[in-house]
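To keep things clear, I will list the structure first and then write my remarks on it.
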There are 2 protein chains.
Amino acid sequence: MELSQAINERRSVRFYRKDPVADDLVVKMIEAARMAPSWANSQVSRFIAVRDPEIRKLVQAAVPTSNPAYNALGEAPLVLVAAGRRGKSGHYKGTPVNKNGDYAMFDAALAVENAILKARELGLGTVLVGVFNVEQVKEALKLPAEIDPFILTPLGYPETFDLNVPPRKEVSELLHWDRFTEKK
Amino acid sequence: MELSQAINERRSVRFYRKDPVADDLVVKMIEAARMAPSWANSQVSRFIAVRDPEIRKLVQAAVPTSNPAYNALGEAPLVLVAAGRRGKSGHYKGTPVNKNGDYAMFDAALAVENAILKARELGLGTVLVGVFNVEQVKEALKLPAEIDPFILTPLGYPETFDLNVPPRKEVSELLHWDRFTEKK
């Protein structure tokens, strides 16, 4: 698939078919994720693909039922969790190098974007969910103390696929030349 | 360009030609960035494309001379800065919804990955630089208090383009099934 199509026709998918997702498609997504850059090539991002129904229930239970993707986390055959090791990315000898602190979330998102673009190419749907109880997800996935989950997505074949785009700000509002010029 | 080529052949470029980059190529990059998802479509990411030589010097001066991309920030015709407004993404009514806190850096990175993939398609080089003094960059770009710069990249046509890939961890180390299983 053309890069521009993957970027422009990726959508947040909240309704999934029950059909299983072959393991090798998940592997292809992570092969894409691993090509993203990371802080000094520190590669602190990790992915957990949850197929086990009991563990998926525990992950879903960490999300409020009011979340628009809550049902999808139960319907899709897989839940993919992106996580990262704290204290390395954005650090030099254990100390953050700038006041933004840890770059583990930044690095994870670079990798996640590659993964969800690849999912689009593979015909799979995703929707990024950040509203969850971190400790509950850590416990469900047996993540060690220093690795935090940053984002979840159901993963499966879309039941419906709506090409309407949620409204986006104009480029003129997002891109400033030479210095920031508030437009209010 | 095929998605897989953009993902697999993006490289960190540290040597640039002086040739100018047409404004509309930067616009195309930000058009790609704006299609990335963001927390509840909050769209807090902003980009500043610095062409002005004096402002570029101020940005470069915020980076240690020891950084392997330091010279590139002076040589490339443009420096692109990705920033984000704090206190909205990852928040509900002003309060972070989980213990990861602000998702502004996460959202910025989703957008940045789209932008650097598009740059690759356009024949432009990038290299993400996170080692810089945040306050110096904010001052140089006149960013308001609530908007922090997260990453810089020189932007221009590569002088050299090395297809060797810095070593990457195996997928089996990055991807875990059902639960995290430490491999040490």
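The values are calculated or read from the model by the stated rules, or taken from the named source; none is laboratory data. Everything numeric here is computed off the predicted structure, so don't read it as measured data. Because the Cβ atoms are built from the backbone with ideal geometry, glycine has one as well, and the counts that use them run over all protein chains shown. Surface areas here come from the heavy atoms of the whole protein model, side chains and all, with no ligands, DNA or RNA. Shrake-Rupley method; radii C 1.70, N 1.55, O 1.52, S 1.80 Å.
Relative to the other copies, what are the label-point distances for residue B:168, with labels 7 Å from Cα along the C-beta vector, expressed in nm at one decimal and sorted shortest first?
In ascending order, 2.4 nm.
With respect to the cross-link table entries B:28/B:118; B:88/B:118; A:18/A:57, which display a Cα-Cα separation exceeding 19 Å?
On the way: B:28/B:118 8 Å; B:88/B:118 27 Å; A:18/A:57 15 Å.
Going by Cα-Cα distance, B:88/B:118 fall outside the 19 Å limit.
Could you work out, residue by residue across A:116-127, how many beta carbons of other chains sit within 10 Å of that residue's beta carbon, and then give the average as an integer? Provide the component values of the computation, followed by the final result.
On the way: counts 4, 8, 3, 0, 1, 4, 0, 0, 0, 0, 1, 1.
Per residue, the number of nearby Cβ atoms from other chains is 2 on average.
Taking amide H positions as placed in the peptide plane 1.01 Å from N, state which residues far from residue A:78 in sequence (5 or more) or on other chains have amide H under 5 Å from it.
Those qualifying (amide H under 5 Å, at least 5 residues apart or on another chain) are A:155.
Which listed residue (A:152, A:100, A:126) has the Cα farthest towards the positive end of the charge dipole for the range A:3-174, taking +1 on Lys and Arg C-beta and -1 on Asp and Glu C-beta about the Cα centre?
Of A:152, A:100, A:126, it is A:100.
What shape does the protein assembly as shown have by the C-alpha gyration tensor, where a ≥ b ≥ c are the square roots of the eigenvalues, rounded means a/c under 1.5, and otherwise prolate means a/b greater than b/c and oblate the rest?
On the way: a/c = 1.58, a/b = 1.54, b/c = 1.02.
Cα axes put the protein assembly as shown in the prolate bin.
Which value, in debye to the nearest 20, describes the size of the charge dipole of chain B about its Cα centre when Lys and Arg Cβ atoms bear +1, Asp and Glu Cβ atoms bear -1, and nothing else is charged? All intermediate terms of the calculation are to be shown ahead of the outcome.
On the way: 25 positive and 23 negative charges, 77 e Å.
Once rounded to the nearest 20, the dipole reads 380 debye.
For residue A:66 and residue A:178, compute 0.36 nm times the residue count separating them, minus their Cα-Cα distance, and round to one decimal in nm.
Numbers: separation 112, 0.36 × 112 = 40.32 nm, distance 4.22 nm.
Contour length minus Cα-Cα distance gives 36.1 nm.
Only Lys, Arg, Asp and Glu count, each charged at its Cβ (+1, +1, -1, -1), so figure out the dipole size of the protein assembly as shown about its Cα centre, rounded to 20 debye.
Details: 50 positive and 46 negative charges, 132 e Å.
Around 640 debye, computed over the protein assembly as shown.
For the interface of B with A, what's the total buried accessible surface in square angstrom, probe 1.4 angstrom, rounded to the nearest hundred?
Working: alone 11280 and 11280 Å², together 15030 Å².
For B against A, buried area totals roughly 7500 Å².
Once you average over the residues of B:136-148, how many Cβ atoms of partner chains fall within 10 Å of each Cβ?
For peptide B:136-148, the averaged partner shielding equals 2.
Amide H neighbours of residue B:151 under 5 Å, at least 5 residues apart or on other chains, H built in the peptide plane: list them.
Those lying under 5 Å, H to H, from residue B:151 are B:82.
Counting helices only, and only those DSSP H runs with n ≥ 4, report the 222 nm mean residue ellipticity of the protein assembly as shown as the sum of -39,500 (n - 2.57) divided by its residues, in deg cm²/dmol to the nearest 500.
Mean residue ellipticity at 222 nm (helix-derived): -9500 deg cm²/dmol.
Evaluate the relative contact order of chain B (contact order divided by residue number), counting alpha-carbon pairs under 8 angstrom at least 6 apart; express in whole percent. Mind showing how you got there, number by number?
Values: 306 pairs, mean separation 61.4, N = 184.
It comes to 33 percent, rounded to a whole number.
Could you please report the charge total around residue A:90, scoring K, R as +1 and D, E as -1 over all other residues with beta-carbon less than 11 angstrom from its beta-carbon?
Values: positive: A:86, A:88, A:99; negative: A:102, A:107.
Once positives and negatives cancel, what remains is +1.
Just flag the chymotrypsin sites (Phe, Trp or Tyr not before Pro) in the range A:136-184 sitting in loop per DSSP whose Cβ has no more than 14 other Cβ atoms within 10 Å. Don't skip to the answer; put the middle values down first.
On the way: sites: A:150, A:161, A:177, A:180; in loops: A:161, A:180.
Filter output for the range A:136-184: A:161.
Specify the inter-centroid distance of the range B:130-172 and the range B:30-63, based on alpha-carbon positions, in whole Å.
10
Within a Cβ distance under 14 Å of residue B:71, other residues only, what is the Lys/Arg minus Asp/Glu net charge? List each step's numbers first, then the result.
Working: positive: B:14, B:17, B:18, B:56, B:57; negative: B:75, B:159.
Computed value for this residue: +3.
To one decimal in nm, how far is residue A:101 from the same spot in the other copies, if labels go 7 Å from Cα toward Cβ? Please give the shortest first.
Residue A:101 label point versus its equivalents elsewhere: 0.1 nm.
Identify the trypsin sites (Lys or Arg not before Pro) of the range A:90-126 meeting these criteria: DSSP loop state and at most 14 other C-beta atoms within 10 Å of the C-beta.
Listed in order of number, the matching sites are A:93, A:99.
When ligands, DNA and RNA are left out and all protein chains stay put, how many square angstrom of accessible area per residue does the protein assembly as shown have with a 1.4 Å probe? Intermediate results must be reported in sequence, preceding the final value.
Numbers: 15030 Å² over 368 residues.
Accessible surface, normalised per residue, equals 41 Å².
When Lys and Arg each count +1 and Asp and Glu each count -1, what net charge do the other residues less than 13 Å away from residue A:40, Cβ to Cβ, add up to?
On the way: positive: A:88, A:93; negative: A:107.
Once all neighbours under 13 Å are counted, the net charge is +1.
For chain A, what class follows from the C-alpha gyration tensor (a ≥ b ≥ c being the square roots of its eigenvalues): rounded when a/c is under 1.5, otherwise prolate if a/b is larger than b/c, else oblate? Could the numbers behind the result be given before it?
Working: a/c = 1.61, a/b = 1.13, b/c = 1.43.
It comes out oblate by the Cα gyration axes.
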